[in-house]
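For reference, the structure is listed below as structure tokens.
No lab work stands behind these numbers, since they all come straight from the coordinates. On a predicted model such as this, the values are computed, not experimentally measured, just so you know. Counting neighbours? That spans all protein chains shown, and the Cβs are built from the backbone with ideal geometry, glycine included.
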Amino acid sequence: MNLAEQQLGLSQHAGNAHPYLQIVDIEKKFGDHTAVDHVNLNIERNEIFALLGSSGCGKSTLLRMLAGMEKPSAGRIILDGEDITDLPPYHRPINMMFQSYALFPHMSVAQNIAFGLKQDRLPRADIDARVERMLELVQMTKYAHRKPYQLSGGQQQRIALARSLAKRPKLLLLDEPLGALDKKLRQQTQLELVSMIEQVGVTCIMVTHDQEEAMTMAGRIGIMSEGQLLQVASPGDIYEHPNCRFTAEFIGETNLFGGHVVEDEADHVCIQAAELPRPVRIGHGITGTLGMPVWLSLRPERVAVSRQQPTQQHNWAAGTVSDIAYLGSFSIFHVRLESGKVIKASVPASHWRDEAAPGWNQPVFVSWADNDAVVLTQ
Amino acid sequence: MNSRLLTQHPAANLATARGRARLAWRRWLPRGQALVTAMPYGWLLLFFLVPFLFVLGISFSEVEVASPPYRALLSRSEDVLNVALNLGNYRYLFGDALYLDAYLGSLQMASITTLICLLLGYPIAYTIARAPLTKRNTLLMLVMLPFWTSFLVRVYAWMGILDNEGLLNKLLLQLGLIDTPLQLMHTQLSVQIVMVYAYLPFMILPLFSNLAKLDGRLLEAAEDLGCRPWQAFLRVTLPLSRNGIVAGAMLVFIPAVGEFVIPELVGTPESLMIGKVLWMEFFDNNNWPMAGAVTIVMVALLIIPITYLHKREEKQLAQAEQR
């Protein structure tokens, strides 16, 4: 709520530069279950935004409310200065690419793309020209007269994209855009899809449960859990500066420690974690108080593994190697600390140039730098 | 299939000659799949095609006072085999207005019945298909409920409703809407009403099974692309339910053309339908060859257009594949 007011306040200060899409305090209830819980979000023009979360987190419901297929229980949706909250789907300047593509099986590829244009009663010549352009964009000109069932999954996906772009929507919604493709094709298609969207220059919101997909394709990511939007930031910020435990655990791998603040200075803080032998020193101040319970997130690639005892005063612990996952260019070491906690460290292969890599059950030391651990207050 | 794949596989080169020989003879065995499909076809061949050929044969013979009451097509005198094909039945059939009227009357009655069944059945099937799963079975059961009683009993029930002293007339008289009973029984209207009643489930069931398969996301996609709900129905639901409409229409139209019981019980004596003519030729006139000819022409009237439409569709599909 506070965050939302800040965001809205900021945008008003910026004068006429309203956000392109404003989602204001949207809520959706199904019976007594709250699927979307007071979400506030601003999207800029031509942005590619990803809503990321596990299934049932409310991301699809939010998307369906944008498309007009669900009515919000409360809140407003404002697109390009126009309040569209109460508009039915067929009056919204928004088009969606469905997860299963939802191509019309009784129509050819060209007829599918022309569907929305025909509905708008555009002149025949205009429709043909625009279908032609769309087919060129998705490189499917050769397949104009095929029926959807004669196309592969990847080709169907392109047609679905072409169909949703044909009406030149103000907002493009992608529901798990690559979910129906196999993994290899997915990776290849991610950047292709982005380049097509950017070529057209359309504002785009996608929903996905695949963090790699979100990080590759989107400029900003919103993490959703249990109907709430937990964090909105660039892929880099989401990974490096998660604002809560959920985000830290959801995105990538991390080591989490519960603890409390034992030293609170302007330029550094120290946090005592029960599972670590000595306080963790963080090289910057935090908004918090002495004794406050916090969580520490320490990414595996930030943890160094060594046979020599580190000389630094803080941020290290002794343990034994309990498991090694060798992945070629790097290895994941599972180090069991004296407290019994197992800490994961991903160590690049080049690290073992000067000393031999430790083996199973050997004593090692793990260490990290002052700013490597992230303090999570939520 | 499997054996062929195995022999093409490089690993098969390693197989011993004996192993290869074993695979080779297995190829000549009839496949289980073929056996399973052959059985229903065998059944149809035996109990549909063979009797049909008998009827075809009889339609080319001549009536005779004998048992059976027609002359055999093949006769032998000494070493000569005589084949006597009598085309007179067909000439008579096409020459007499009675038969043509009966055919046209039947086709018209069946067409109107099919159309009304479609108009009534589509909304019912659509509603059932869109109903929540828990209600769906109940609604389907209601459609099939009439089948639990005998067809004849249901037609008699309609006689009780439509009669001059029937339920409907009594109700209308009591409400003061009419002074004298309406003549409903033994009219074209009564035949039409009972035909629609009797054949409606045969329209609903195939339509339902087609509409139940419709992917709701297609309708969402249509609305997303600018269709109001009724436009989405016209552009997506209706064309996609075409196969259900065709199946339902056939299931209603084909038996309706040959319907005998309903016009006999609630119809007028004057308006002849082909089922009635067939009955008369066979049982009253004891003219088997004529009855055979009437049957053959009726089957031809039904099969030729259907085969033509089917072939045309196949051709269109093949063209679409080629493009």
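Here are a few things to note about the model shown:
- Potential extension, residue A:342-residue A:192 segment - 0.36 nm per residue separation minus Cα distance: 50.0 nm
- The calculated FRET efficiency for residue A:308 paired with residue A:260, based on their beta-carbon distance and R0 = 30 Å, is about 0.50.
- A cut-off of 5 Å between modelled amide H atoms, ignoring neighbours fewer than 5 places along the same chain, links residue A:73 with A:27, A:28, A:29.
- One chain, two ends: residue B:170 and residue B:79. Fully extended at 0.36 nm per residue, the span grows by 25.4 nm beyond their Cα-Cα distance.
- Separation of segment A:30-79 and segment B:186-224, taken as the distance between their Cα centroids, equals 38 angstrom.
- Inter-part distance where segment B:240-256 and segment A:199-218 are each reduced to a Cα centre, Å: 46
- Counting only alpha carbon atoms, the long axis of helix A:183-200 and the longest principal axis of chain A meet at about 60°.
- Working note: Karplus 6.51/-1.76/1.60 with θ = phi - 60° gives segment A:70-86 the couplings 10, 9, x, 6, 7, x, 10, 10, 10, 10, 6, x, 10, 6, 9, 3, 9 Hz, where Gly and Pro are set to x.
- With a simple spin-label model that places each label point 7 Å from the Cα along the Cα-to-Cβ direction, the separation between residue A:182 and residue A:234 comes to 3.6 nm.
- Pairwise FRET efficiency - residue A:249 versus residue B:120, Cβ, R0 = 35 Å, nearest 0.05: 0.05
- GNM flexibility winner over chain A from A:327, A:298, A:172 (Cα, springs under 10 Å): A:327
- Length gained on full extension, residue B:242 to residue B:304: 20.3 nm, using 0.36 nm per residue less the C-alpha separation.
- Separation in nanometres of the label points that stand 7 Å from Cα toward Cβ, at residue A:360 and residue A:30: 4.7
- The HN-Hα couplings worked out from phi for segment A:339-350 by the Karplus form 6.51 cos²θ - 1.76 cosθ + 1.60 (θ = phi - 60°) are 6, x, 5, 9, 10, 9, 9, 9, 10, x, 4, 5 Hz, whole numbers, x standing for Gly and Pro.
- P(r) of segment B:154-236 over all Cα-Cα pairs, binned every 5 Å from zero, in whole percent: 3, 13, 14, 12, 10, 8, 8, 9, 11, 9, 4, 0
- Degrees separating the helix A:109-119 axis from the principal Cα axis of chain A, which is the longest one: 70
- Taking chain B as a Gaussian network of alpha-carbon nodes connected by springs under 10 Å, the highest mean-square fluctuation of the residues B:235, B:31, B:91 belongs to B:31.
- Computed from Cα atoms, the angle from the helix A:124-137 axis to the main principal axis of chain A rounds to 30 degrees.
- Based on Cα atoms of the protein assembly as shown, Rg over Rh with Rh as the Kirkwood radius reads 1.15.
- Neighbour-count order for A:330, A:250, B:147, fewest beta carbons within 10 angstrom listed first: B:147, A:330, A:250
- Burial ordering of B:76, A:307, fewest other beta-carbon atoms within 10 Å first: B:76, A:307
- Within 10 Å of the Cβ of each residue in A:96-106, the mean number of Cβ atoms contributed by other protein chains is 5.
- Base-10 log of normalised Debye intensity for segment A:277-347 (one unit scatterer per alpha-carbon) at q = 0.14, 0.17, 0.21, 0.25 Å⁻¹: -0.53, -0.74, -1.03, -1.28
- Using every pair of distinct Cα positions in segment A:3-248, the Kirkwood expression returns a hydrodynamic radius of 18.7 angstrom.
- Distance between segment A:273-321 and segment A:142-181 - C-alpha centres, whole angstrom: 49
- Which listed pairs, of A:59/A:167; A:28/B:135; A:147/A:184; B:135/B:213; A:29/A:170, have C-alpha distances above 21 Å, in listed order: A:59/A:167; A:28/B:135; A:147/A:184; A:29/A:170
- Residue exposure sequence - A:360, A:316 - by fewest surrounding Cβ within 10 Å: A:360, A:316
- Using a Förster distance of 30 Å, the FRET efficiency for residue B:180-residue B:283 (Cβ separation, nearest 0.05): 0.20
- Within a Gaussian network of chain B (alpha carbon springs, distance under 10 Å), most fluctuating of B:262, B:254, B:303: B:303
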